[in-house]
1. Can you tell me how the range 45-114 classifies by the Cα gyration tensor, rounded, prolate or oblate, using a/c under 1.5 as the rounded cut?
2. Run a plain Debye calculation on the range 26-156 (Cα atoms as equal point scatterers, no solvent) and give log10 I(q)/I(0) at q = 0.21 Å⁻¹, rounded to two decimals, same order as the q list.
3. If you add up the charges near Leu145, with Lys and Arg at +1 and Asp and Glu at -1, over every other residue whose beta carbon is less than 14 angstrom from its beta carbon, what do you get?
4. Remind me, relative contact order of the range 12-109 in percent, using alpha carbon pairs under 8 angstrom and six or more residues apart?
5. If a/c stays under 1.5 just call it rounded; otherwise compare a/b with b/c (prolate if a/b is bigger, oblate if not). Do that for the range 21-63, with a ≥ b ≥ c from the square roots of the Cα gyration tensor eigenvalues.
Amino acid sequence: QQHHQQHHQQHHQQHQRQQHLRLFSLHADLNARDLLMVRTTDNATGNTTWTDTPLTNAARNGGCVILDGLDKLRSDALSSLALVMEHGWMALPDGTRLVAHDSFRVIGIGHPPAADATSMDGGEASSWITPEVQGMCHWIRVDTLPAKELREVLVELYPSLDDDIVDKLMRLEKELNDVSVDSAAEQESLRLSLRKLKHICRRVERNPNELGNILCS
């Protein structure tokens, strides 16, 4: 009974942490307004209303939001985060002002600027990590996992997968990383990141016949 109570308590604590953790996947089409609120339509009435994004929801109610893909944002959208990150309040698109909750926290994830990155006009691209952006956060550099550790992570996360499948995934990851391409953007599109590998593993778990044949070929 004591073991059951401990298990229940751990499950409850984990559920609470998940409730207070939000993921906001960013992309290049987001502007400064889209980071804070979006317009949605009520199917019943046809009226449009403002809806909080995960960032604003976390600021309003407390908790942590993960901004995944900071490097994909345009410079104006990225700079717009300074107000809430440094001063703790937002001027929302619906005309209201929001003071962030005391427990509001942000984790930002982004790829470091590539040394050979180019701009749309063919010139050398500037780094997205400007002095203004640098001042928003405490920075932690996370190196790419060695192949051995990457395999250990996948085995731990997906114990039901056959070792043969994991080994073939790791060989594919190495082959794609070793492909010679003309730009860092092409290299990034080919690279099997941990996120992509996790997605593949989940697909193989759910539909082994769908992807298993591809991996085994």
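1. Prolate, because a/c is 1.5 or more and a/b exceeds b/c.
2. Listed by q, the Debye log ratios stand at -1.25.
3. Surrounding charge for Leu145 is +3.
4. Numbers: 162 pairs, mean separation 32.3, N = 98.
This gives 33 percent for the range 12-109.
5. It is oblate, given that a/c is not under 1.5 and a/b is not larger than b/c.
Read-outs throughout are calculated quantities, based only on the coordinates presented, and are distinct from any laboratory measurement. Just so we're clear, the structure is a prediction, and the values are computed from it rather than from any experiment. Here Cβ is always computed from backbone atoms with ideal geometry, including for glycine, and neighbour counts include all displayed protein chains.
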